[in-house]
Amino acid sequence: MTLDRRTLLKGMAAAPAVGMAFSVPRFARAAEIQLRYGNNLPLSHPLNIRAKEAADRIAKETDGRVEMMIFPANQLGGDTDMLSQVRSGALTFFTPSSLVIATLVPTAALNAVGFAFKDYDQVWKAMDGPVGALVRSKVADARLYALETMWDNGFRQTTTSGDPIANADSMAGLKIRVPVSPLSIDMFSALGASPTSLQFSEVYSALQTKVVDAQENPLPIIQVSKIYEVQKNCALTNHIWDGYWFIANGRQWSGLPDDVKDVVARAINEAGLKQREDIRTLNSSVQSDLEKTGLAFNTVETDSFRAKLKENGFYAKWSKEFGDEAWGALESVVGTLA
């Protein structure tokens, strides 16, 4: 069942940004297996709503034998902290964006190549197909385990506190926050901006104190994080699509009984498919809701961005960085870029 728009928006408006860890209803006996899952999103975000449903389902289908505890909203630290914790085994699960996991598995940033995807049809054809399969194999090489279904974060848009972004030339000298990602830094540098890498938990305060003047994120994230309070313009750049990999500690995952792995994987993967639909529902309405807060929207000259990236050697450089296998997997879906 897809969450309806009213349910999503009501939850996003009312839920606290930070709360205690939440898990499943307790059974008469204590759980034999506890799975700890951390993420950086508010309780109200569709990712946490669907993760809670998965946790409930896991408990029910294992008769209380397995409990998945969820720690939302950076309770356990920033993305870098949680990536370290899932690698060490302090966390069982973590949902890093592609750009975060790419600090460990560079191939995972493939979907974040600037202006690669035209629409969601291309996104899911790539991520449920050759690109996703390749990334999951590379994650396994890092002694982690990536579940099959990738969760949606959305196409990223660019907000500013000053003049709106209209075309690639508007990027000149723009002080913009980007994720801790060499690919993002390089893309915005190639466009003439001045990117600064900050963890997501630092974004609001950095904008508020004018450390940076701009940021880029999907619209639902801009809404739930109240970025509109410290920005006045939003350009619909759709410059990259990003999503969340549901990553497990490799040792803990391989150590689970096969029947438990089947239940957990099925619950999480199917919840991820529902979350994709939730984001689609949100994206259809969130712009009008953000406009009511005073955030002004505009479209951009998309071709000018791709042309500037090509002119400045961005695609040529990153086709070599990713290698023929990875770049070929991407271009097999989106067509020639370099």
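Residue separation times 0.36 nm, minus the C-alpha to C-alpha distance between Glu325 and Tyr204: what's the value?
Working: separation 121, 0.36 × 121 = 43.56 nm, distance 3.79 nm.
Result for the pair: 39.8 nm of gain on full extension.
Each peptide among 189-200, 252-263 gets the average number of other Cβ atoms lying within 10 Å of its residues, and from highest to lowest they stand as 189-200, 252-263.
Diffusion coefficient of the chain by Stokes-Einstein, Kirkwood radius over Cα pairs, 10 °C, 1.306 mPa s: 78 µm²/s.
Once backbone amide H atoms are built at 1.01 Å from N, Asn74 has Asn39, Asn40, Leu41 as its partners under 5 Å, excluding neighbours fewer than 5 places away on the same chain. Modelled spin labels at Asp258 and Thr80, positioned 7 Å past Cα toward Cβ, are 4.2 nm from each other.
For the stretch 139-215 and the stretch 30-53, what is the separation of their C-alpha centers, rounded to whole Å? After rounding, the separation between the Cα centres reads 25 Å. Find which of Pro220, Asn298, Pro257 sits farthest along the positive direction of the dipole of the chain, computed with +1 on the beta-carbon of Lys and Arg, -1 on that of Asp and Glu, about the Cα centre. With unit charges placed on the Cβ atoms, the residue in question is Pro257. Sequence-ordered 3J(HN,Hα) estimates for the stretch 103-108 from the Karplus curve with 6.51, -1.76 and 1.60 and θ = phi - 60° stand at 5, 10, 10, x, 4, 5 Hz, glycine and proline given as x. Basic side chains Lys and Arg get +1 at the Cβ, acidic Asp and Glu get -1 at the Cβ, and with that the dipole of the stretch 161-239 about its Cα centre reaches some 160 debye. In the context of the full set of protein chains, residues of the chain present 41 Å² of accessible surface per residue (probe radius 1.4 Å, heavy atoms only).
Considering only protein heavy atoms and a 1.4 Å probe, what is the carbon-and-sulfur percentage of the accessible area of the chain?
Working: 6910 of 13820 Å².
Result for the chain: 50 percent of the exposed heavy-atom area is carbon or sulfur.
Tell me the mean residue ellipticity at 222 nm calculated for the chain from its helices only (DSSP H runs of n ≥ 4, each -39500 (n - 2.57), averaged over every residue, nearest 500). If you can, show how the numbers build up before the last one.
Numbers: 15 runs with 149 residues, N = 338.
It comes out at -13000 deg cm²/dmol, rounded to the nearest 500.
The residues packed around Gln34, meaning those with a beta-carbon under 12 Å from its beta-carbon, carry a net charge of 0 if Lys and Arg are +1 and Asp and Glu are -1. From the square roots a ≥ b ≥ c of the eigenvalues of the alpha-carbon gyration tensor of the stretch 33-151, which class results: rounded (a/c under 1.5), prolate (a/b over b/c), or oblate? Here the stretch 33-151 falls in the prolate category. Spin-label model, Asp169/Asp119: points 7 Å from Cα along the beta carbon direction are separated by 3.1 nm. Using the Karplus relation 6.51 cos²θ - 1.76 cosθ + 1.60 with θ = phi - 60°, the per-residue 3J(HN,Hα) values for the stretch 175-191 come to 7, 10, 7, 10, x, 6, 8, x, 5, 5, 4, 5, 5, 6, 5, 5, 8 Hz, with x marking Gly and Pro. Expressed to the nearest 5 percent, the antiparallel share of DSSP beta bridges inside the chain is 50 percent.
Can you bin the stretch 154-242 into rounded, prolate or oblate? Criterion: square roots of the alpha carbon gyration tensor eigenvalues sorted a ≥ b ≥ c, rounded for a/c under 1.5, prolate for a/b above b/c, oblate for the rest.
Values: a/c = 1.23, a/b = 1.20, b/c = 1.02.
It is rounded, given that a/c, with a ≥ b ≥ c, falls under 1.5.
Shape verdict for the stretch 182-332, please, from the Cα gyration tensor: rounded (a/c under 1.5), prolate (a/b greater than b/c) or oblate. The partial results should precede the final answer.
On the way: a/c = 1.89, a/b = 1.26, b/c = 1.50.
Since a/c reaches 1.5 but b/c is at least a/b, the shape of the stretch 182-332 is classed as oblate.
Seen against the Cα atoms of the chain and their longest principal axis, helix 324-334 is set at about 80 degrees.
The values are calculated or read from the model by the stated rules, or taken from the named source; none is laboratory data. In this text the structure is predicted, and so the values were computed from the model without any measurement. When we count neighbours, we look across all protein chains shown, and the Cβ atoms used for this are built from the backbone with ideal geometry, even at glycine. Areas reflect the complete protein model, heavy atoms only, side chains present, ligands, DNA and RNA absent. Shrake-Rupley method; radii C 1.70, N 1.55, O 1.52, S 1.80 Å.
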